[in-house]
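Worksheet: the structure to be examined is printed underneath.
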Amino acid sequence: MKTICVIGLAAAVLTVGLLLVWKAHDSSVRNTAPVAPQLAAMPKQSEAQYQASREPPAPSLGAGTLAEPNQRAAEQSEWQTIESLLAQPHHRPLMREVPRLKQQSEARLVDLYHRLQGITNKQHIVRILAFGGDSAAAATLIKAVTDEYSGQAVSIEGHAILLYIPELLGVLARHNQEAFEFLLAGSRREFWSAIQLWRYEDGKDVNACSVVGACIKGLALSGRDEARDLIEWYRAHPDEVSVVRENGSIADQFDGAVVDAVFRIRTVLERGLESAMDKVFYDPEQSLREFRKWIGTSEGQGWYKWALGTQDAARARFRESGKNTVE
């Protein structure tokens, strides 16, 4: 019975989200037509613009003159790498394949992102921006979650990708302050009270708890001390991970995301971020296998028991306060 419960929690925490992302990838593989013409046109058009904007006003015989051709050659090589990744619809870019983007390449990639229609056609760009970008990437991905698709109905595949963006932002947050501050703020339900999220295809609103959970999992990948502090705060306040209806029933919760965040921190510590992203979190089946192993450890069992008590804690607070906590 204990084994069944453990497996059940693992499935609840990981399987749905991971399989949604995998389904989104498979769907975009079958429907990549909008990407090809934009990708083909983008480099030639942007190259002239970028080179013109970077042309010096007068020739110089300084040391920079000799370095300029090498710099341009490096940028061209970098963009060729990006093109190669974008041209493979059957392969989601791995973290180890993405170079740290120079400002010019990042700007061109953001431009291409905005030229494409539909989030499912942008998912490769999203991964490259998260793995190799900086401020422009952070601004683009944060806007995708908070504003770009606000109030719009998106497919189940699109929903999966939007929900995965905060997790990917955790990689960016290791060196980018904007991404980190967004994830830290987004890891609280109140942050989303004034933001209209996207909708499901049937018109139903996306519950903020799912986005809060995604931000917590992203924060866990950031390697920041604040991630551990936040997780410990939720551990001490199990009533805060659930939304209670007027009748005392649980409307939604993100306890599983907190447990998953602890698992992610442990995995990154043991394997390193790149190996964790490319070999564990990339593959839903591998993630589930690793999670099952972890949930059987003393650390995992402690969090498993914590998760079992979160609903009772929320109901107890609701009864004590007598206040409506419905969102």
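Readers should treat all values here as calculations from the given coordinates under stated rules, not as data from a laboratory. Every value quoted in this text rests on a predicted model; they were computed, and no experiment measured them. We place every Cβ from the backbone using ideal geometry, glycine too, and count neighbours over all the protein chains shown.
Structure values in brief
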quantity: Segment 195-282: translational diffusion in µm²/s, Stokes-Einstein, Kirkwood Rh over Cα pairs, 10 °C, 1.306 mPa s; calculated: 110
quantity: Cα pair count fraction exceeding 19 Å, expressed as % - segment 239-327; calculated: 49
quantity: Magnitude of the charge dipole, segment 75-219, Cβ model with Lys/Arg +1 and Asp/Glu -1, debye to 20; calculated: 240
quantity: Rg/Rg_globular for segment 112-213, with Rg_globular taken as 2.2 N^0.38 Å and Rg from C-alpha atoms; calculated: 1.00
quantity: Protection proxy ranking, peptides 146-154, 205-213, average beta carbon neighbours within 10 Å, highest first; calculated: 205-213, 146-154
quantity: Distance (nanometres) between label positions extended 7 Å along Cα→Cβ at residue 117 and residue 175; calculated: 3.6
quantity: Residue among 124, 253, 137 farthest towards the positive dipole end of segment 118-268, charges placed on Cβ; calculated: 124
quantity: Dimensionless Rg over Rh [segment 147-186; C-alpha; Kirkwood]; calculated: 1.05
quantity: By average C-beta atoms within 10 angstrom, highest first, the peptides 189-197, 124-132; calculated: 124-132, 189-197
quantity: Global form of segment 205-250, assessed from the alpha-carbon gyration tensor, a/c cut-off 1.5; calculated: oblate
quantity: Debye intensity ratio I(q)/I(0), log10, segment 148-302, q values 0.16, 0.21 Å⁻¹ (C-alpha model); calculated: -0.95, -1.47
quantity: In nm, spacing of pseudo-spin labels at residue 233 and residue 193 (7 Å Cα→C-beta vector); calculated: 1.5
quantity: In segment 209-270, the trypsin sites (Lys or Arg not before Pro) that fall in loop regions by DSSP, at most 14 other Cβ within 10 Å; calculated: 245
